[in-house]
Ligand SMILES: Cc1ncc(COP(=O)(O)O)c(C=O)c1O
């Protein structure tokens, strides 16, 4: 259990609110976000990703989970936020936060997206490919605006969970390979463009990374490459952005490094590498997403039915599934489940928690020992705060669940449950 999750006389409590009260008030499925844990995580990043030698910048990766409430937290704690699409830009803008906090990503930014960036006044754009340079510059010219840009590099490291691979193939769809024989030309193109102000280089080596050496390696390569380019082109490069990907605990076998330790270690590694290369950098950014919100989220479902199959698999069927959490079906992600209204009972029933969608892969947790459940019990799936709601779909025309933030005994509805009307609001009869 994370953050403010407690067993309150047999009932799971989050943020000082009983989950049984939450489902009564807001229904199920329900995403519950532990506000205090989100705030604590942000404060840890702010506190431990600091150096005497350069400024630091925390950019929350909004793809992990985005709503107005999150934007309010970003503003309150004075950190920044990224976006990858027109929809994310629009959502952030509609929250009313200062658009100078926004950094725009994307490997295929449309004209509309680039225009929006300029009209909304985002802080910077991370250029992914060569076509984007001209497209952006042309838009700047038309609007008589300048924009700060970084260039996303593919540094040949791909890291996920326990493994990282250094590859000479550089085959990722993101960024430009540092081995590309045109890289110098591309950088020059940016530098020489009077509509663009070149800030430096960006990389993002993967997701759910537990292997600290992968980050060390990324730092080493980024610092070395930045030094090389600054000398070769005789320019000052003020910034490096190292992306996100810091791993979290979902289930047995996950071994995350705590934020305090990881950030302290990365700062040390950065300082050593900058010293070694005799490189002066003004600002270093990171882009944590999952590690800020994942453990803060819990999804509450109601048990609707149980089934023992012919081969003795015990299913608990809940009223959501792959529509509100695609991760198990998409990449066999593992989760911990709890029976929220029976926390004191003995866990003696081996079950699989399955959703209600018409897909055999719609199983949220496979083979877990839980308390004996009956219809109407509440099953909680832990650590669903990242890439849950943001990847939700309407498959089988299920409505996207509500999101409620909880803190100090109070709950705050952050996103309303989708209505039936909203499900069909864009449907039109066709003239046949
Ligand atoms: C460019 C970039 N930055 C940051 C992130 C956030 O990663 P995470 O949520 O694993 O921290 C991602 C995730 O895909 C990303 O693509």
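Readers should treat all values here as calculations from the given coordinates under stated rules, not as data from a laboratory. Quantities reported herein were computed from a predicted structural model and do not represent experimental measurements. Reconstructed Cβ throughout: ideal geometry from the backbone, glycine too, with neighbour counts over all protein chains shown.
Observations on the model:
- Gaussian network model of the chain, Cα within-10 Å springs - most flexible of 21, 85, 383: 21
- Full-extension gain in nm, residue 25 to residue 375, via 0.36 nm per residue minus C-alpha separation: 124.1 nm
- Relative exposure of 249, 65, 405, judged by other C-beta atoms within 10 Å (fewest first): 249, 405, 65
- Kirkwood Rh, Cα atoms: Rg over Rh of region 176-310: 1.15
- Between helix 183-192 and the chain: long-axis angle, C-alpha atoms, 0 to 90°, nearest 10: 70 degrees
- One Cα centroid belongs to region 341-355, the other to region 99-155; the line between them spans 49 Å.
- DSSP beta bridges confined to the chain are antiparallel in about 45 percent of cases.
- Euclidean distance of C-alpha centroids, region 357-398 and region 282-335, integer Å: 5 Å
- Rounded to the nearest angstrom and listed largest first, the equivalent-ellipsoid semi-axes of region 292-363 from its Cα gyration tensor are 19, 18, 11.
- Residues 419, 19, 298, arranged from fewest to most other Cβ atoms within 10 angstrom of their Cβ, appear as 419, 19, 298.
- Rounded to the nearest 10 degrees, the angle from helix 130-143 to the longest Cα principal axis of the chain is 80 degrees.
- Candidates 363, 404, 374: whichever shows maximal mean-square fluctuation once the chain is modelled as a Gaussian network with Cα springs under 10 Å: 374
- Computed over region 255-331, the P(r) tail beyond 18 angstrom holds 67 percent of alpha carbon pairs.
- Cα gyration tensor shape of region 183-241, rounded if a/c is under 1.5, else prolate or oblate by comparing a/b with b/c: prolate
- Take every Cα pair under 8 Å whose residues are at least 6 apart in sequence, average their separation, divide by the length of the chain, and the relative contact order is 21 percent.
- The Kirkwood radius of region 47-150, taken over pairs of alpha-carbon atoms, gives through the Stokes-Einstein law at 37 °C and 0.692 mPa s a diffusion coefficient of 231 µm² s⁻¹.
- Backbone N within region 343-366 under 20 Å of label point (7 Å from residue 7 Cα along the Cβ vector): 343-351
- With coordinates expressed along the principal axes, the C-alpha atoms belonging to the chain extend over 70, 59, 43 Å, beginning with the largest.
- Globularity ratio of region 35-289, using Cα Rg and 2.2 N^0.38 Å: 0.97
- Averaging 1/r across all pairs of distinct Cα atoms in region 107-203 and inverting the result yields a Kirkwood radius of 14.2 Å.
- Taking Cα atoms only, the orientation of helix 212-232 departs from the longest principal axis of the chain by about 20 degrees.
- For region 330-425: Kirkwood Rh in Å [reciprocal of mean 1/r, alpha carbons]: 15.5 Å
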